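Student: My questions all concern the structure below.
Computed from the coordinates by the stated procedures, all read-outs in this text should not be read as laboratory data. Everything quoted here is computed from the prediction, not taken from an experiment. When we count neighbours, we look across all protein chains shown, and the Cβ atoms used for this are built from the backbone with ideal geometry, even at glycine.
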Amino acid sequence: MSVLRINDLRAAIPGREILKGIELEVQSGEVHAVMGPNGSGKSTLSHVLMGRPGYEGVSGSVTIDDVELLDLPTWKRAQAGLFLGMQYPIEVPGVSLGDALAESFRAAGRDPGDVRELVSVEAGRIGFDERFLTRPLNVDLSGGERKRNETLQLAVLNPKFAVLDEIDSGLDVDALRAVSRRVEELTGDGLGVLAITHYSRLLHELHPDVVHVLSGGRIVATGGPELAQELEQTGYAAYGGADEPASPDAAPDPADPFADPLL
Ligand code: ADP
Ligand code: MG
């Protein structure tokens, strides 16, 4: 049993504080949904947890059991058991999925010879083409294929906690179901999940134990699954967000830094 504990987490971009004291605690096997309007800081939270450079004034504490993650570079956070599924997974020309997973296995003291078989099994479960194993990571993949790729890496790497940033975006209904079910199964084996999502449709398959609303850089409400249903009906108006119920057709936020291929 492990615990991911986030205390008074703060982070800024030049001239503006984005995260204003986040408090969260996720235990092994639990699914916590973090929902919130566009621009509320959801992706920033995921980036700061994983140690993406470029944020200012990062303070507070993020621990897995007794390990303080904020002091560690990203790769050590991964070794401590944290995984990030990115909202906009970037292309990595020259590095194949197989290379990346094999290196991760070596770093974790696992046998890289096991990667191919594990990928083959996982690819079948979520409808991902295992031929992508030898192609450059995410290059020329559709949005939905990238999300399946993130899920496959999660299942193969088997971390303690996964932060999934809008894993649902870009997936059609069948792929969404396959991906959500796979993540749900992993929680049965002890994975703790922080599922960041704008829409409650993800949570019809990936059942949250706790739902949090992030608005203006703070957790402004916490409840059970009924909170996600309420948001589906009313949108984020009551929480300082857009006053229309969220539209599933909304375009990705162009201001999101992971939309920038230079980053
Ligand atoms: P969400 O994922 O909830 O839509 P983000 O965390 O992506 O929100 O962004 C929160 C706010 O911070 C937005 O106003 C966004 O434009 C801004 N922001 C985030 N990262 C950067 C950055 N690197 N440079 C400039 N603005 C940023
Ligand atoms: Mg985002």
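Student: Find the all-direction average of the projected area of the Cα convex hull for the stretch 112-176, expressing the result in square nanometres with one decimal place.
Tutor: Working: hull surface 18.5 nm².
For the stretch 112-176, the mean projected area of the Cα convex hull comes to 4.6 nm².
Student: Any idea what diffusion coefficient the stretch 63-178 gets from Stokes-Einstein, in µm²/s, Kirkwood Rh on alpha carbon pairs, 10 °C, 1.306 mPa s?
Tutor: On the way: Rh = 14.7 Å.
For these conditions, the coefficient is 108 µm²/s.
Student: May I pose another question? Please compute the Kirkwood hydrodynamic radius of the stretch 24-113 from all pairs of different C-alpha atoms, in Å with one decimal. Write out the running numbers ahead of the final one.
Tutor: Details: mean 1/r = 0.0658 Å⁻¹.
Value: 15.2 Å, from the Cα pair sum.
Student: Next question. Quick check: the angle from helix 115-126's long axis to the longest principal axis of the chain, C-alpha only, nearest 10 degrees?
Tutor: 50 degrees
Student: For the stretch 140-148, take each phi angle, set θ = phi - 60°, evaluate the Karplus expression 6.51 cos²θ - 1.76 cosθ + 1.60, and give the result in whole Hz per residue in order, putting x for glycine and proline.
Tutor: After applying 6.51 cos²θ - 1.76 cosθ + 1.60, I find 6, 7, 6, x, x, 5, 5, 5, 5 Hz.
Student: Something else about it: Most exposed first by the Cβ proxy, i.e. fewest other Cβ within 10 Å, how do 131, 177, 148 rank?
Tutor: Working: 131 8, 177 15, 148 26.
Going from sparsest to densest Cβ surroundings: 131, 177, 148.
Student: Also, quick follow-up: Considering only Cα-Cα distances, which of the following residue pairs are longer than 20 Å: 20/76; 76/160; 42/147? Walk me through the numbers before you get to the answer.
Tutor: Numbers: 20/76 25 Å; 76/160 13 Å; 42/147 17 Å.
Those over the limit are 20/76.
Student: First select every other residue whose beta carbon is under 12 angstrom from the beta carbon of residue 3; then total the charges, Lys and Arg +1, Asp and Glu -1. Display every interim value, and only then the final one.
Tutor: Working: positive: 5, 160; negative: 25, 30, 65, 66.
Result for the neighbourhood of residue 3: -2.
Student: If you restrict to DSSP beta bridges whose two residues both lie in the chain, what percentage is antiparallel, to the nearest 5? Spell out each step's value before the answer.
Tutor: Numbers: 24 of 42 bridges.
The answer is about 55 percent antiparallel.
Student: Report the full-extension gain for the segment residue 207 to residue 61: residue separation times 0.36 nm, less the Cα-Cα distance, to one decimal in nm. Please report the intermediate quantities before stating the final value.
Tutor: Working: separation 146, 0.36 × 146 = 52.56 nm, distance 2.71 nm.
Residue separation times 0.36 nm, minus the Cα-Cα distance, leaves 49.8 nm.
Student: Taking amide H positions as placed 1.01 Å from N in the peptide plane, with prolines and chain starts having none, which residues 5 or more places from residue 34, or on another chain, fall under 5 Å of its amide H?
Tutor: Answer set, sorted by chain and number: 195, 196, 197, 212.
Student: Under a 5 Å amide H to amide H cut-off, with H placed in plane at 1.01 Å, what residues pair with residue 58 once short-range neighbours are removed?
Tutor: 12
Student: For the stretch 73-137, what is the per residue volume of the convex hull drawn over the alpha-carbon atoms, in cubic angstrom? Kindly include the intermediate steps, with their values, before the conclusion.
Tutor: Values: hull volume 7.0 nm³, N = 65.
With only Cα atoms used, the stretch 73-137 gives 107 Å³ per residue.
Student: Distances over 18 Å make up what percent of all Cα-Cα pairs in the stretch 1-151? Could you put the intermediate results ahead of the total?
Tutor: Numbers: 7341 of 11325 pairs.
Distances greater than 18 Å cover 65 percent of the Cα pairs.
Student: In whole Hz, with x marking every Gly and Pro, tabulate ³J(HN,Hα) for the stretch 175-186 from phi via Karplus 6.51 cos²θ - 1.76 cosθ + 1.60, θ = phi - 60°.
Tutor: Rounded to whole hertz, the list is 5, 4, 5, 4, 5, 4, 5, 5, 5, 4, 4, 4.
Student: Which whole-Hz couplings ³J(HN,Hα) result when phi for each residue of the stretch 61-78 is put into the Karplus expression 6.51 cos²θ - 1.76 cosθ + 1.60, θ = phi - 60°, listed in order with x for Gly and Pro?
Tutor: 8, 9, 10, 10, 6, 9, 9, 7, 7, 4, 7, 10, x, 3, 5, 6, 5, 5
Student: Considering all alpha-carbon pairs of the chain, what whole percent are spaced by more than 35 angstrom? Mind showing how you got there, number by number?
Tutor: On the way: 3292 of 34453 pairs.
Pairs farther apart than 35 Å: 10 percent.
Student: Roughly how far apart, in whole Å, are the Cα centres of the stretch 102-142 and the stretch 39-58?
Tutor: The stretch 102-142 and the stretch 39-58 have Cα centres separated by 27 Å.
Student: Hey, if you put +1 on the Cβ of every Lys and Arg and -1 on every Asp and Glu Cβ in the chain, which of 141, 80, 239 ends up farthest toward the positive end of that dipole?
Tutor: Farthest towards the positive end: 80.
Student: Now a separate question. Under a point-charge model restricted to the Cβ atoms of Lys and Arg (+1) and Asp and Glu (-1), what is the dipole moment magnitude of the chain relative to its Cα centre, in debye to the nearest 20? Display every interim value, and only then the final one.
Tutor: On the way: 23 positive and 41 negative charges, 95 e Å.
Using Cβ point charges on Lys, Arg, Asp and Glu, the chain gives about 460 debye.
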